[in-house]
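The values are calculated or read from the model by the stated rules, or taken from the named source; none is laboratory data. Keep in mind the model is a prediction, meaning the values are calculated, not measured. Here the Cβ positions follow ideal geometry from the backbone for every residue, glycine too, while neighbour counts run over all protein chains shown. When the accessible area is computed, the model is the full protein with side chains, heavy atoms only, and any ligands, DNA or RNA have been set aside. Shrake-Rupley method; radii C 1.70, N 1.55, O 1.52, S 1.80 Å.
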Amino acid sequence: MNNTRRKQLKAILAQLEDLKAELESIKDEEDEARDNIPESLWGSERYEKAEEACDNLEEAVSNLEEALEYIENAME
């Protein structure tokens, strides 16, 4: 890989790291919101939607981490 493409990938890595941090922050907020749902509403549609959102955000973070690894491996 030449230096030009390597520089481009480094810039993309930096952007993805920033986006991952933002996504993790949103995920944490959603986790907290779900955790603050009263126990009497656990199992309700509202709780289930919050749980699904948390799961999807966790999966998105995980996929971004995997993408970062692939890009780093490509740069080696």
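Observations
- Scanning the stretch 42-52 for residues that are in a helix (DSSP H, G or I) and either open to solvent by 60 Å² or more (accessible area, probe 1.4 Å) or in contact with a strand residue (DSSP E or B) (Cβ under 9 Å, 6 or more places away or on another chain) (or both) yields Glu45, Arg46, Glu48, Lys49, Glu52.
- Residue match in the stretch 32-40 (condition: part of a helix (DSSP H, G or I) and touching a residue at least 40 places away in the same chain (Cβ under 8 Å)): no
- Filter result for the condition that a residue is basic (Lys, Arg), assigned to a helix (DSSP H, G or I) and open to solvent by less than 90 Å² (accessible area, probe 1.4 Å), over Lys27, Lys7: Lys27
- Leu64 being closer than 30 Å to Asn2 by Cβ and surrounded by 15 or more Cβ atoms within 10 Å (Cβ to Cβ): yes
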